[in-house]
Amino acid sequence: MSQKIFVFDTTLRDGEQSPGCSMNFEEKIRMARQLERLQVDVIEAGFPIASDGDFESVREIAKQVKGCSVAALSRATIADIDRAWEALKPASKPRIHTFIATSDIHLKYKLRKTREQVLDDAVKAVRRAKSYCEEVEFSCEDGSRSDIGYLCQILEAVIAEGATVVNIPDTVGYSIPDEYGKIIRTLIERVPNISKTTVSVHCHDDLGLAVANSLAGIANGARQVECTINGIGERAGNASLEEIAMAIKTRHEKLGFETNVNPEEIYKTSRLLTTLTGMHVQRNKAVVGENAFAHEAGIHQDGVLKNPLTYEIMTPQSIGIKHSTLVLGKHSGRHALKQRYSELGYELSTEELDAAYKLFTKIADEKKEVFDDDLIAILEDEVSSMSSLYTLENLQVTSGLNVVPTAMVGLKRNDEILQDSATGDGPVDAAYRAIERITGISGQLLDYSIKSVSWGHDAIGEVFVKIAIDGYVFNGRSASTDVITGSVKAYLNAINHASTARFRRQQNAEAKAESAAV
Ligand SMILES: [Zn+2]
């Protein structure tokens, strides 16, 4: 019988806090809902004491997600734990995740505490967390570089206080598989009350060994694995969820483990994260990279055509990549569109369908063939702009040789149309300047990229931008058959994110002023 491995996803905490991966409130909720569909066992939603924004998003995820545990991170202090619990209260399965560093180097230089003091903090933290909820996870930060005797001592103490999961992170990505596996095995052999808890692994990828180390930990008795979608996370990232899930599934006979993850949701989840953060995965990334299932060499292609098993250890369909087929044209109706979205796994509300249909008819007019990938791009585009403050109403640009590039932009805000024009280094730059003039929000463009969604000279181009506004970084994305329109819409998408963030910061400031007055 295969043993179940619990999948603890920390995309929204360890992943989201890394450079280039930040998400706003709505984006975090969308990601959490998709992780629920992916059927992970635990979603670590954030670090509530870190900021009001983190607190709010953990609370909303705790409210909305019912299919799995929702965890919140806290240091081993009473204030942190109380704040985490405040945010987690609405969850059907709340989990407080508290941590403290246990390696001598962290104790000496970071915490400036003795081993006895840290042990005492850990015990008190778990006791406090346990007074609030049943599921309590304790992590020994820098566990893989901690003294094994001390690790045994601290784990025994927190398990006695009721910790249901004990996690041994390779925080700095320094371990190698044999060594890390041995740490896990030693703890399982030496900690007397270890059977009352689940041992967990959390590996970083500084030496490219995060997945290998995680599997070594599992092989030696760990039953929870912490990981992120696309392997995002601090520095070189965390162990990648899709690689672990597919290694366990593909090598099931050899390993004898299984997870609850629905592999057919993997591709969609990976794509959603890319869309929300603008952080692409490398083409040759295992499982979800663009080339992961492409057989280029002639001899390989020949083999795959005769029998896929010659070179294919897993199929694209198994992770939910559907063959991009021609499905709809400009005469297809709303019902056909709804039907196809439903086949692709998207159930649309009436408003979402209306918005998607509007853009679909426009694109079907410009582009003879509409593929599944185009439909997904349309949906991501339309639905993300539905709740936007500004939408693009009209755009006219002039550019060429020996003319000053000029753009005239019309934006709709509520029911008002706001127009302005500007000149720039090129038509896109001119349009960005016009948007700045209308919205009063000026951003510094940090990154800009275009990628084609399907194929052909009339393919939809997906534009990603990253802009710095008010000292924060915002992502914008858009899909269009016209790259200039796409570029303008992507920029506007980021401006909309920035204006939502400004509004939230103002609300927070007002709430603080009010509570100070009481
Ligand atoms: Zn980490």
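The values are calculated or read from the model by the stated rules, or taken from the named source; none is laboratory data. Quick caveat, the model's predicted, so the values are computed rather than measured. For neighbour counting, all protein chains shown are included, and Cβ atoms are generated from backbone atoms with ideal geometry for every residue, glycine included. These area figures cover heavy atoms from the full protein model, side chains too; ligands, DNA and RNA do not enter into them. Shrake-Rupley method; radii C 1.70, N 1.55, O 1.52, S 1.80 Å.
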Kindly write out, for region 191-208 in residue order, the coupling ³J(HN,Hα) from the Karplus curve 6.51 cos²θ - 1.76 cosθ + 1.60 (θ = phi - 60°), rounded to whole Hz, with x marking Gly and Pro. 7, x, 9, 4, 5, 7, 9, 9, 8, 10, 10, 8, 10, 9, 9, 4, 10, x
So the angle from the long Cα axis of helix 78-88 to the longest Cα principal axis of the chain, reported in degrees to the nearest 10, equals 50
Within the chain, percent of DSSP bridges classed antiparallel, to nearest 5: 50
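Would you list Val403, Val42 from the most to the least accessible area, probe 1.4 Å?
So, going from the largest accessible area down, we get Val403, Val42.
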At a Cα cut-off below 23 Å, give the lysines reachable from Lys306, other chains included and same-chain residues fewer than 8 away excluded. Lys322
Under 10 Å from the Cβ of Asn475, count the other residues' Cβ atoms, weight Lys and Arg +1, Asp and Glu -1, and hand me the total. 0
How do 188-194, 107-113, 11-17 rank on mean C-beta neighbours within 10 Å, highest first? 11-17, 188-194, 107-113
Report the extension gain between Ala236 and Glu26 in nm, rounded to one decimal, defined as 0.36 nm multiplied by the number of residues separating them, less their alpha carbon distance. 73.0 nm
When Lys and Arg each count +1 and Asp and Glu each count -1, what net charge do the other residues less than 15 Å away from Gln3, Cβ to Cβ, add up to? +2
All Cα pairs of region 178-272, percent lying beyond 20 Å: 39
Distance in Å, no decimals, from the C-alpha centre of region 188-229 to the one of region 81-159 is 17
Assuming R0 = 30 Å, can you tell me the calculated FRET efficiency for the pair Met314 and Lys412, based on Cβ-Cβ distance, to the nearest 0.05? 0.05
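Take every Cα-Cα pair in region 89-135 and report what % of them are more than 15 Å apart.
Tail of P(r) above 15 Å: 51 percent of Cα pairs.
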For Thr197, the residues 5 or more places away or on another chain with a placed amide H closer than 5 Å to its own amide H are none
Once you place label points 7 Å from the Cα toward the Cβ at Glu343 and Leu207, how far apart are they in nm? 4.9
Among the Cα-Cα pairs of the chain, the proportion with separation greater than 31 Å, in percent, is 51
Expected field for Phe138, accessible surface area in Å² at 1.4 Å probe radius, rounded to 10, holds 0
Residues of region 343-360 with amide N under 15 Å of a point placed 7 Å along Cα→Cβ from His335: none
Going down the list Lys285/Lys362; Lys338/Lys489; Lys196/Lys268; Lys93/Lys268, which pairs span over 30 Å between their C-alpha atoms? Lys285/Lys362; Lys196/Lys268
Determine the relative contact order of the chain: mean sequence separation of Cα pairs under 8 Å and six or more apart, normalised by residue count, in whole percent. 10
Between beta-carbons, use under 10 Å as the cut-off and find the net charge around Tyr174, counting Lys and Arg +1, Asp and Glu -1. -3
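Where does region 1-52 land on the Kirkwood hydrodynamic radius, alpha-carbon pairs, in angstrom? Can you show the working numbers first?
On the way: mean 1/r = 0.0830 Å⁻¹.
After inverting the mean inverse Cα-Cα distance, the result is 12.0 Å.
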Near Lys130, which aspartates and glutamates are there with a Cα under 16 Å away, not counting those fewer than 8 places off in the same chain? Asp80, Asp82, Glu86, Asp120, Asp121, Glu156, Glu161
From the cross-link list Lys4/Lys66; Lys330/Lys466; Lys28/Lys66, the entries with a Cα-Cα span beyond 25 Å are Lys330/Lys466
By how many degrees, between 0 and 90 and to the nearest 10, does the Cα long axis of helix 266-277 differ from the longest principal axis of the chain? 70
Quick query: amide H of Ile232 versus all other amide H atoms, modeled in the peptide plane; which residues come in under 5 Å with a sequence gap of 5 or more or a different chain? Asn238
As I understand it, the value is the acute angle between the Cα axis of helix 25-37 and the longest principal axis of the Cα atoms of the chain; what does it come to in degrees, rounded to 10? 70
If you consider only alpha-carbon coordinates, what radius of gyration and Dmax does region 132-188 have, in Å? 11.7, 38
For Lys412, the aspartates and glutamates lying under 16 Å Cα to Cα, once residues fewer than eight places off in the same chain are dropped, come out as Glu382, Glu393, Asp420, Glu436
In whole angstrom, note down how far apart the Cα centers of region 35-76 and region 358-434 are. 35
Going by amide H atoms built from the backbone, whose H comes under 5 Å of the H on Ala76, apart from near neighbours? Phe99
